[in-house]
1. Just checking, how many residues over segment 125-137 are assigned to a helix (DSSP H, G or I) and either at pLDDT below 90 or more than 26 Å from the chain's Cα centre (by Cα) (or both)?
2. Does segment 464-474 include one or more residues that are among the basic types (Lys, Arg), modelled with pLDDT under 90 and either open to solvent by 20 Å² or more (accessible area, probe 1.4 Å) or more than 22 Å from residue 107 (Cβ to Cβ) (or both)?
3. Considering segment 434-458 alone, what residues qualify as being within 25 Å of the chain's Cα centre (by Cα), surrounded by 23 or more Cβ atoms within 10 Å (Cβ to Cβ) and either among the small types (Gly, Ala, Ser) or not in a helix (DSSP H, G or I) (or both)?
4. So is residue 296 aromatic (Phe, Trp, Tyr), assigned to a helix (DSSP H, G or I) and either within 27 Å of residue 226 (Cβ to Cβ) or open to solvent by 10 Å² or more (accessible area, probe 1.4 Å) (or both) or not?
5. On the basis of being open to solvent by 10 Å² or more (accessible area, probe 1.4 Å), in contact with a helix residue (DSSP H, G or I) (Cβ under 9 Å, 6 or more places away or on another chain) and more than 23 Å from residue 196 (Cβ to Cβ), does residue 150 make the cut?
6. Determine which member of the set 344, 376, 371, 359 is open to solvent by 10 Å² or more (accessible area, probe 1.4 Å) and under 25 Å from the mean Cα position of the chain (by Cα).
7. Identify, by number, the condition in (1) of a type outside the set (S, T, N, Q); (2) modelled with pLDDT of 90 or more; (3) under 22 Å from the mean Cα position of the chain (by Cα); (4) not in a helix (DSSP H, G or I) that residue 422 doesn't meet.
Amino acid sequence: MLLFAATSSIWQLPIPPLDAAIVAGYLGAMLALGVWVGRGQKTTVDYFLGGRSLPGWAVLLSIVSTETSAVTFLSIPGMAFAAGGDLRFLQITFGYVVGRLVVVWLLLPLYFRGEPFTAYEVLERRFGKASRRLTSLLFLVTRNIADALRLYLAALVLKEAMNLEMQLCIWAVGVVTIAYTYLGGVKSVVWNDCVQFAIYILGAAVILYKILTLLPGGVEQYWSYAAAHDKLRVFDFTPSLTAPLTFWGGLIGGMFLTGATHGTDQLTVQRLLAAKSQRTAGWALAASGFVVCFQFALFLLIGVGLAAFYDVYPPEVPFGKANDRVVAHFIINHLDPGIVGLTLAAVFAAAFSSSLNSLSTALVSDIVLPLSRNALSRETQMRWAKWSTLAFGILQIGIAVAAYRLSASQSIVNEVLTIAAFTSGPMLGLYLIGVLAPSISEKPALGGFLCGLIVISLVTFLPKYWTDLPTVWWPWYATIGSAATFAAAWLLNMTPLAAPNVQEY
């Protein structure tokens with residue numbers, strides 16, 4: 001059916017057939033790589049953690065690729081392209097670097113005591129079974145929602161490139177994702193992430209090079225335009241929770257945000273656990289912050305270049321406030337055949353990183369095995385692993401199709417992603433309680449976690465309905481959520497909720 005639809009629409013392709021073939025070939029290559037690296041996997045250690053043998057550089061690139069989406073590839077250049085835009089968004093990467101270093105020092109040792117499969121096993125060691133099951137279930141819910149919408153965005157890229165029907169694109173992307181994850185396990189996910197990183201960085205470099213060659217004055221005109229329009233500004237030391245793009249919001253908010261996403265989220269922790277050793281994992285995580293800083297700088301410099309280019313060659317239809325469109329417009333209209341396919345594949349690659357194996361790991365390790373009355377054989381565990389991978393893949397396709405049928409606007413997508421991200425700050429707060437407050441027991445800790453969720457919900461949604469209230473810049477959410485969780489747990493620990501004999505990590 002997919003082949004028939006692609007063939008029947010070949011004459012209506014918005015890009016040359018060569019470029020469409022490159023995009024389609026990329027999908028096929030991902031599937032082939034998954035099949036190849038998945039050979040000989042017989043245990044859940046192989047399937048979920050790659051035999052705990054992955055090299056540090058592969059873990060590093062997988063971490064970076066996982067946190068990069070098509071929205072990142074398209075939106076960050078748009079920030080520098082916009083009127084009044086500059087390089088200030090780069091400040092958040094300073095917090096990313098510091099946050100990763102804190103995770104390496106404070107949380108990473110917890111994951112290498114024993115041989116855990118998930119991030120949430122350490123919570124059971126510290127608090128009890130309820131904490132592990134609750135946090136794992138929250139991960140299953142929020143990650144499925146977030147990555148279903150990531151699937152939706154990847155399908156949008158395929159639709160624009162191949163001129164196929166949207167639901168067919170969702171199924172095509174979803175089926176390929178399921179197939180390479182189902183067959184290859186975490187090894188397939190990590191190695192595909194590495195390929196994806198290489199492709200989208202190469203695509204970004206090609207775009208920047210092409211901009212410089214098309215500008216009449218070349219590099220000199222690029223820098224003179226950037227200086228004349230104050231596009232090279234990096235720092236803003238305004239002390240505010242509501243002002244966007246500030247140094248303090250980037251440093252503190254980015255530190256807490258990356259502490260949550262890279263220190264407590266199974267999607268990243270699983271990649272760290274798959275490394276050869278704690279030292280290898282620590283090196284990969286610490287170095288990934290600097291790679292993300294370089295990557296964001298490249299995307300922002302592309303945005304500056306596009307502003308200079310379209311100042312000389314204005315588009316027929318002005319972009320208005322739709323700055324996210326500028327990269328795609330440049331790719332389609334100003335790149336040579338073949339290069340268009342490469343850069344579209346780069347955008348596609350940025351949208352493509354599977355969470356299915358991480359979801360399967362959490363379900364089997366945190367829910368199925370602890371609730372099983374009898375020990376499950378190795379073969380039974382592998383069946384659970386593969387069938388749950390398939391089930392989560394179908395679920396994400398279903399959510400993506402539902403989003404399309406509901407005509408999901410960008411605002412709706414952002415709302416759902418915001419909801420999916422709510423647990424990150426309170427989750428970090430729960431881990432910080434475990435490490436920094438050994439006297440706090442499970443009940444007050446979970447009570448604090450609930451309070452943290454309530455506080456961050458109020459901070460996020462009240463300004464949307466009471467417009468007189470100030471809107472907090474989003475990097476502060478993780479800081480507020482974790483601080484509220486820690487403070488509430490501390491207060492609740494002074495009540496009858498507290499229990500003696502608290503275990504330590």
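The values are calculated or read from the model by the stated rules, or taken from the named source; none is laboratory data. All values derive from a computational prediction rather than experimental measurement. Please note: Cβ atoms are built from the backbone with ideal geometry, for glycine as well, and neighbour counts cover all protein chains shown. Areas reflect the complete protein model, heavy atoms only, side chains present, ligands, DNA and RNA absent. Shrake-Rupley method; radii C 1.70, N 1.55, O 1.52, S 1.80 Å.
1. 4
2. Yes, segment 464-474 contains a residue that is among the basic types (Lys, Arg), modelled with pLDDT under 90 and either open to solvent by 20 Å² or more (accessible area, probe 1.4 Å) or more than 22 Å from residue 107 (Cβ to Cβ) (or both).
3. Answer for segment 434-458, where residues must be within 25 Å of the chain's Cα centre (by Cα), surrounded by 23 or more Cβ atoms within 10 Å (Cβ to Cβ) and either among the small types (Gly, Ala, Ser) or not in a helix (DSSP H, G or I) (or both): just 452.
4. Yes: the conditions hold for residue 296.
5. Here the answer is no, as residue 150 does not meet what is asked.
6. 344
7. Only one criterion is unmet by residue 422, namely (2).
Here's the yes/no breakdown for (1) part of a loop (DSSP other than H, G, I, E, B); (2) charged (D, E, K, R); (3) under 27 Å from residue 116 (Cα atoms); (4) modelled with pLDDT of 85 or more:
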| site | (1), (2), (3), (4) |
| --- | --- |
| 323 | yes, no, no, no |
| 349 | no, no, no, no |
| 362 | no, no, yes, yes |
| 385 | no, no, yes, yes |
